[in-house]
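A.B. asks: Have a look at this one.
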Amino acid sequence: MRRLEISGWLMIAGMGLAGCTFNFDVTSQRTALENQVMGTYKELDDDLILASSVRGLKTKVDAPTVKVSPSKKSALDARQNQLFNQDDIDELKQQQILGEAVGGSVVLLPRHLVKGEAPATKDYALAAQIAAEENRDRQAIWQRIIDANEHLSARDLPNVKMTYAKMLRDSAAGGVWYQDDTGSWVQKPSHGAGRL
């Protein structure tokens with residue numbers, strides 16, 4: 001009898017809870033601007049994936065043409081180039097040749113930060129070329145972020161760049177050099193690996 005009574009109460013309690021709903025609001029530490037930056041990058045990546053899959057299926061007869069704005073075309077080309085250069089940039093950062101500047105640009109590290117043997121001159125030349133391409137690409141994408149978000153204007157560009165720089169610092173692999181908000185060079189601890 002005692003078991004039946006307990007089972008009955010558990011069933012009643014279960015039916016009472018079945019009508020209850022629990023809503024959990026998960027809040028993020030990201031700012032609205034960080035969400036806009038990440039959203040634009042995701043949109044560009046999604047568009048690149050879609051474009052590559054359409055190219056694979058496209059025939060001369062039924063080739064669809066999609067109009068994109070010059071800003072978006074420039075940003076798509078920039079993002080594609082960024083993805084192409086990403087391994088080289090990561091390697092040059094690990095070799096302590098490139099670092100992330102406070103304003104969102106990738107730059108040649110000051111030579112006094114390099115530990116051990118200085119990299120070869122040819123490595124610096126390659127790094128300078130890749131850094132110039134990356135900074136050109138970042139500029140095109142930052143412009144797209146502003147163009148694609150109605151709440152942003154040209155005067156928001158410094159904030160977009162600073163937000164991007166912060167996001168790169170937060171996701172940088174261990175050993176990467178970056179400038180903090182004061183412009184001082186800091187090396188990311190080895191246990192903080194990640195990627196944007």
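A.B. asks: For region 70-93, which positions are farther than 13 Å from Glu43 by Cβ and hydroxyl-bearing (Ser, Thr, Tyr)?
C.D. replies: If the condition is that a residue be farther than 13 Å from Glu43 by Cβ and hydroxyl-bearing (Ser, Thr, Tyr), then Ser74 is the only one that fits.
A.B. asks: Still on this model: Of the conditions (1) assigned to a loop (DSSP other than H, G, I, E, B); (2) more than 28 Å from Glu43 (Cα to Cα), Gly103 satisfies every one except a single condition; which number is it?
C.D. replies: Among (1) assigned to a loop (DSSP other than H, G, I, E, B); (2) more than 28 Å from Glu43 (Cα to Cα), the lone unmet condition for Gly103 is (2).
A.B. asks: Checking the condition assigned to a helix (DSSP H, G or I), over 20 Å from the mean Cα position of the chain (by Cα), among the hydrophobic types (A, V, I, L, M, F, W, C) and under 18 Å from Ile89 (Cβ atoms), which residue from Leu126, Leu168 passes?
C.D. replies: Residue meeting the stated conditions: Leu126.
A.B. asks: Specify which of the listed residues (Leu196, Leu113) is more than 16 Å from the chain's Cα centre (by Cα) and at pLDDT below 90.
C.D. replies: Going through Leu196, Leu113 in turn, just one is more than 16 Å from the chain's Cα centre (by Cα) and at pLDDT below 90: Leu113.
A.B. asks: Quickly run through region 144-171 and pick out the residues that are surrounded by fewer than 19 Cβ atoms within 10 Å (Cβ to Cβ) and among the hydroxyl-bearing types (Ser, Thr, Tyr).
C.D. replies: Ser153, Ser171
A.B. asks: Moving on to the next point. For the condition in contact (Cβ under 8 Å) with a residue 40 or more places away in the chain and β-branched (Val, Ile, Thr), what is the one hit in Ile97, Ile146, Ile141?
C.D. replies: Ile141
A.B. asks: If the requirement is being at pLDDT below 95, buried (at least 19 other Cβ atoms within 10 Å of the Cβ) and within 30 Å of Ala148 (Cα to Cα), which of these qualifies: Leu76, Leu83?
C.D. replies: Being at pLDDT below 95, buried (at least 19 other Cβ atoms within 10 Å of the Cβ) and within 30 Å of Ala148 (Cα to Cα) holds for just one of Leu76, Leu83, which is Leu76.
A.B. asks: Of all residues in region 100-133, which are without any contact (Cβ under 8 Å) to a residue 40 or more places away in the chain and among the β-branched types (Val, Ile, Thr)?
C.D. replies: Selection gives Val106, Val107, Val114, Thr121.
A.B. asks: Something else about it: Considering only region 26-48, I want to know if a residue exists there that is assigned to a loop (DSSP other than H, G, I, E, B) and either modelled with pLDDT of 75 or more or among the aliphatic types (A, V, I, L, M) (or both).
C.D. replies: Yes, there is a match, as at least one residue in region 26-48 is assigned to a loop (DSSP other than H, G, I, E, B) and either modelled with pLDDT of 75 or more or among the aliphatic types (A, V, I, L, M) (or both).
The values are calculated or read from the model by the stated rules, or taken from the named source; none is laboratory data. Fair warning: this is a prediction, and the values are worked out from it, not measured in the lab. No Cβ is skipped: glycine too gets one built from the backbone with ideal geometry, and neighbour counts run over all protein chains shown.
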